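The values are calculated or read from the model by the stated rules, or taken from the named source; none is laboratory data. Remember, predicted model here, so these are calculated numbers, not experimental data. We place every Cβ from the backbone using ideal geometry, glycine too, and count neighbours over all the protein chains shown. Keep in mind that these areas ignore ligands, DNA and RNA; they rest on the heavy atoms of the full protein, side chains included. Shrake-Rupley method; radii C 1.70, N 1.55, O 1.52, S 1.80 Å.
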Amino acid sequence: MEVKEQLSNVTAPADHLLGKRMPAKPLNKAAIVTRLTLFILAAVTVYAFYSFDYKELDFMDALLGTFANLKTIFLEPHLKHFSFGHALYQVMVTLGLAFLTTLFGAIIAVLFGLLAAENLSSKRVSIVIKSMVAFIRAVPTVLWVLIFAVAAGLGSTAAVIGMTFHSIGYLIKAYSESFEELDRGVIEALQASGANWWQIVFQAVIPSSITYMISWTFLRFEINFAVAVAMGAAAGAGGIGFDMFMASSFYLDLREIGAITYFILAVAIILEVFAARIKRKLKTA
């Protein structure tokens, strides 16, 4: 009986709260500014749609035309200007470009990631490297490719340098954060035993962070594959992206665009399955 009475006393306030509506939060300055900003953005959006010059475009006809194009792309794909073997070779070229930039970026990022980790380097050096990395990541990969294209010209060289540059910035952040997860006590114990900096890195830091490093590196490889497709079209880097650019801008063949899209989608699914298996093995290891 005492237990039942205690339970009833505990649940009584909850029932009482459920029976009444929770009081509304008072409006503060932040809430007023947030609501006012959302209202202004909504009003500007409505006005933009209303005042936009549609040039006598029939919205419904445009919508139906878009659906017709999508139907042609995804339900009627074919290869006309190149063969299946050529398409497969171009996909391999794009994969090679992604792999090369990821490999170069990972090798360079390991060293700078060690220097950017606060538990392995001085705080000043860590802040300088992390600030530079933040700037590199803030600039899109396409823009880096175009910047390096000024010196190297449009093509695979500028694409490799630009994609590698952005990969370095991405992986330094990922690696340094995984290195900082190592307890300082382990590092201090190794230092007390006479281990130098390189011994600490290869005997404690890398072994404890290898699973995270592999996972982040493979994630960057997937990103670089998607970027390599875009660079093939935008920077003339070759690969399946260049064929898609030719089909969309030169041949104007929607069916061939659909076939190329399915090629890219198939490779992306294979990479995702492969990444899931690697992560599963790393978790069980």
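For the range 206-226, enumerate the residues that are of a type outside the set (A, V, I, L, M, F, W, C) and either within 10 Å of Y175 (Cα to Cα) or surrounded by fewer than 20 Cβ atoms within 10 Å (Cβ to Cβ) (or both).
Across the range 206-226, the qualifying residues are P207, S208, S209, T211, Y212, S215, T217, E222.
Table: residues versus (1) under 21 Å from T211 (Cα atoms); (2) surrounded by fewer than 15 Cβ atoms within 10 Å (Cβ to Cβ).
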{"residue": "H86", "(1), (2)": "no, yes"}
{"residue": "V91", "(1), (2)": "no, no"}
{"residue": "L115", "(1), (2)": "yes, no"}
{"residue": "A158", "(1), (2)": "no, no"}
Surrounded by fewer than 17 Cβ atoms within 10 Å (Cβ to Cβ) and within 21 Å of L219 (Cβ to Cβ) - does that describe any residue in the range 166-183? yes
Out of the residues in the range 230-267 meeting the condition of being closer than 14 Å to F74 by Cβ and free of Cβ contacts under 8 Å to residues at least 40 places away in the same chain, tell me which one is least open to solvent (accessible area, probe 1.4 Å). A266
Filtering the range 47-56 for residues that are surrounded by fewer than 10 Cβ atoms within 10 Å (Cβ to Cβ) and either part of a loop (DSSP other than H, G, I, E, B) or at pLDDT 80 or above (or both) leaves a count of 6
Need the failing condition index for L7 against (1) modelled with pLDDT of 85 or more; (2) open to solvent by 100 Å² or more (accessible area, probe 1.4 Å); (3) aliphatic (A, V, I, L, M), just the number. (1)
